[in-house]
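A.B. asks: Take this structure first; my questions come after.
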Amino acid sequence: MVKLNFLYFGKKHTPNGAARFVSIFEDNTHVFEKENIILDVFSLDNKISKKITINNNKENFRQQLIKWSHKSLVISFLFFYVTIIRNSKITAKKYYAKKINPDIILYNDIFIAWNILKANKNNNAKHILILHSDGRPLAMLFESFPKFNKPYIRSFFERKQKTILKKINHFVVLSENARNNLLNNNIDNNNISVIHYGINSEIEIKKNTPSAHNKIKLVSVGTICTRKGFDLLIDALAMLSEKDKNKIEIEAIGSIDDLSIIDKAKKMGVEKCLKFCGSKSEQEVNEILQQSDAFILCSRIEGMPIAIIEAMRVGLPIFASNIAGIPDMITHSVNGEMFNPNAIEIKNILENIANNNYNLIAMGENSKQIFLQKFSLEKMLNNYIDVFLKMM
């Protein structure tokens, strides 16, 4: 019997990809039990809440902090400490209070790994780190906190990273691109596994066809921030002719981290074709996907977006940035198109969509087939089981 502990410093009901991934594991403990793997998940809340509740005052304050952190190094460090370091410490303390001796500890983030590993209390356990990025462990940190890009601050974090990586026995990344980036940290290739995300394929699908809409309806799912490229999408929409703007509409679903993006949409005059819907439940997101004609994501930095996989599951063509694990998801002119994350290339994609230069129905059908072949939940869980058993 293998005792496996999965640690995550966030809350499992938070509407983001990392939390969704943790919940997928906890929802499928019975699959691991069949292979004599006993999985326990430890998070900041240590419970799953299916209902998303948002305190508007707290959410508005958080948005303001993010805005201020982009301008102030002091506020950046305070916000980083409160949202990441403090939560990691709390989760680690709660975990150690249970005095568990697992065979394997699985980490969902480098910072929770740091808080566990520096204590040196689980000397016999094997440590596995999942990198939900492009294989550069700190890339998303520096993108989220631009003030941290000063040389002396980067050097501090990179020294911490080097220490942590040396203590990890095995790494899981999401794509071959991520593997290649991680190898630059002097990691043995034999200690890296590439495992794509997978989600449940057994859902009821009642997808509309493009002819059901007066306009071509696109959807984009992700936190509203510059990392997800929503500012680039606004610039691209602003470049379109009025005729083409009137042919498409885009729903952006996700928590709003950067209020300046909302302001920019109004300033650039694209709010009529770009609607910010805020956070939605998984069921609500799925319903919106099924009412859409295509999916678009303009990210600057990614891992392997679960949102794209969810769109493929319902048979949507995918238009997304040519970065990280996304090339593993899109085949040129088969189930979508990729672009470099800049406004001009995004604008060209939108023009082609608006003028029906893509066969969206055929692309969507191909997306569904690629999903079934590569991104099923069963395939992902079996790949993780293989890794866990080989570690013993």
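A.B. asks: If you go through the stretch 317-331, how many residues are in a helix (DSSP H, G or I) and surrounded by fewer than 20 Cβ atoms within 10 Å (Cβ to Cβ)?
C.D. replies: Filtering the stretch 317-331 down to residues in a helix (DSSP H, G or I) leaves 326-328.
Restricting the remaining residues to those that are surrounded by fewer than 20 Cβ atoms within 10 Å (Cβ to Cβ) gives 327-328.
Of the residues in that region, 2 qualify.
A.B. asks: Considering only the stretch 162-181, state which residues are part of a helix (DSSP H, G or I) and under 11 Å from Pro137 (Cα atoms). Spell out how you get there, then give the answer.
C.D. replies: Just the residues of the stretch 162-181 that are part of a helix (DSSP H, G or I), to begin with: 162-167, 176-181.
Within the stretch 162-181, Lys162, Ile164, Leu165, Ala178, Asn181 qualify.
A.B. asks: Inspect all residues belonging to the stretch 354-361 and state whether any of them is modelled with pLDDT of 95 or more, in contact with a Phe, Trp or Tyr (Cβ under 8 Å, 6 or more places away or on another chain) and not hydroxyl-bearing (Ser, Thr, Tyr).
C.D. replies: No, that holds for no residue.
A.B. asks: Taking the options Asp293, Asp244, name whichever one is out of contact with any strand residue (DSSP E or B) (no Cβ under 9 Å at 6 or more places or on another chain), modelled with pLDDT of 95 or more, of a type in the set (D, E, K, R) and surrounded by 17 or more Cβ atoms within 10 Å (Cβ to Cβ).
C.D. replies: Numbers: Asp293 fails: out of contact with any strand residue (DSSP E or B) (no Cβ under 9 Å at 6 or more places or on another chain).
Going through Asp293, Asp244 in turn, just one is out of contact with any strand residue (DSSP E or B) (no Cβ under 9 Å at 6 or more places or on another chain), modelled with pLDDT of 95 or more, of a type in the set (D, E, K, R) and surrounded by 17 or more Cβ atoms within 10 Å (Cβ to Cβ): Asp244.
A.B. asks: Let me spell it out: the conditions are (1) free of Cβ contacts under 8 Å to residues at least 60 places away in the same chain; (2) in a helix (DSSP H, G or I), and Val334 meets all of them except one. Which number is the exception?
C.D. replies: Only one criterion in (1) free of Cβ contacts under 8 Å to residues at least 60 places away in the same chain; (2) in a helix (DSSP H, G or I) is unmet by Val334, namely (2).
A.B. asks: Looking only at strands (runs of 3 or more DSSP E) that lie completely in the stretch 182-271, which have at least 3 residues being of a type outside the set (Ser, Thr, Tyr)? Spell out the reasoning first.
C.D. replies: Numbers: elements: 192-194, 216-221, 248-253.
Output list reads 216-221, 248-253.
A.B. asks: Next question. Would you check which residues across the stretch 297-315 are in contact (Cβ under 8 Å) with a residue 40 or more places away in the chain and assigned to a helix (DSSP H, G or I) and list them? Steps first, answer last, please.
C.D. replies: Filtering the stretch 297-315 down to residues in contact (Cβ under 8 Å) with a residue 40 or more places away in the chain leaves 297-307, 309-315.
The answer is Ile306, Ala307, Ile309, Glu310, Ala311, Met312, Arg313.
A.B. asks: Now for a separate question. Tally up the residues in the stretch 99-120 that are surrounded by fewer than 14 Cβ atoms within 10 Å (Cβ to Cβ) and either under 15 Å from Leu165 (Cα atoms) or free of Cβ contacts under 8 Å to residues at least 40 places away in the same chain (or both), please.
C.D. replies: Keep residues of the stretch 99-120 that are surrounded by fewer than 14 Cβ atoms within 10 Å (Cβ to Cβ), which gives 99, 101, 118-120.
From what's left, either under 15 Å from Leu165 (Cα atoms) or free of Cβ contacts under 8 Å to residues at least 40 places away in the same chain (or both): 99, 118-120.
Result for the stretch 99-120: 4.
A.B. asks: Can you find even one residue in the stretch 356-364 that is under 20 Å from the mean Cα position of the chain (by Cα), surrounded by 14 or more Cβ atoms within 10 Å (Cβ to Cβ) and hydroxyl-bearing (Ser, Thr, Tyr)? Working first, answer last.
C.D. replies: The initial filter retains those residues of the stretch 356-364 that are under 20 Å from the mean Cα position of the chain (by Cα), namely none.
No - not one qualifying residue is present in the stretch 356-364.
A.B. asks: State whether one or more residues within the stretch 226-238 are crowded, with 18+ Cβ neighbours inside 10 Å, in contact (Cβ under 8 Å) with a residue 40 or more places away in the chain, touching a Ser or Thr at 6+ places or on another chain (Cβ under 7 Å) and of a type in the set (S, T, N, Q).
C.D. replies: Looking for residues that are crowded, with 18+ Cβ neighbours inside 10 Å, in contact (Cβ under 8 Å) with a residue 40 or more places away in the chain, touching a Ser or Thr at 6+ places or on another chain (Cβ under 7 Å) and of a type in the set (S, T, N, Q), one finds none in the stretch 226-238, hence no.
A.B. asks: Moving on. Between a first residue in the stretch 6-23 that is charged (D, E, K, R) and a second residue that is modelled with pLDDT of 80 or more and part of a helix (DSSP H, G or I), which pairs have beta carbons less than 8 Å apart while being 6 or more apart in sequence or on different chains?
C.D. replies: Lys11/Ala19; Lys12/Ala19; Lys12/Val22; Lys12/Ser23; Lys12/Glu26; Arg20/Glu282; Arg20/Ile306
So that you can scan it fast, the table gives a plain yes or no per residue for (1) assigned to a loop (DSSP other than H, G, I, E, B); (2) closer than 30 Å to Asn5 by Cβ; (3) of a type in the set (Gly, Ala, Ser):
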residue	(1), (2), (3)
Phe61	no, no, no
Gln64	no, no, no
Trp68	no, no, no
Val74	no, no, no
Phe80	no, yes, no
Ile85	no, yes, no
Ile90	no, yes, no
Lys93	no, yes, no
Lys99	yes, yes, no
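A.B. asks: Moving to a separate point now. Would you mention how many residues in the stretch 138-176 are buried (at least 19 other Cβ atoms within 10 Å of the Cβ), under 30 Å from Ile385 (Cβ atoms) and not aliphatic (A, V, I, L, M)?
C.D. replies: 3
A.B. asks: If you don't mind, there's one more thing I want to ask. Condition first: polar (S, T, N, Q), within 17 Å of the chain's Cα centre (by Cα) and over 22 Å from Phe319 (Cβ atoms). Can you find one or more residues in the stretch 256-278 that meet it? Break it down into steps so the answer makes sense when it comes.
C.D. replies: Within the stretch 256-278, the subset polar (S, T, N, Q) is 260.
Keeping just the survivors that are within 17 Å of the chain's Cα centre (by Cα) gives none.
No: the stretch 256-278 contains no residue that is polar (S, T, N, Q), within 17 Å of the chain's Cα centre (by Cα) and over 22 Å from Phe319 (Cβ atoms).
A.B. asks: Which of the residues belonging to the stretch 357-392 are in contact (Cβ under 8 Å) with a residue 24 or more places away in the chain, closer than 27 Å to Leu237 by Cα and not in a helix (DSSP H, G or I)?
C.D. replies: Tyr358
A.B. asks: Asp109 - would you say it is of a type outside the set (Val, Ile, Thr) and within 21 Å of the chain's Cα centre (by Cα)?
C.D. replies: Details: of a type outside the set (Val, Ile, Thr): yes; within 21 Å of the chain's Cα centre (by Cα): yes.
Taking the combined requirement at face value, the residue satisfies it.
The values are calculated or read from the model by the stated rules, or taken from the named source; none is laboratory data. Worth saying up front: this structure is predicted, and the values here are computed from it rather than measured. Note that we place each Cβ from the backbone using ideal geometry, even for glycine, and neighbour counts take in every protein chain shown.
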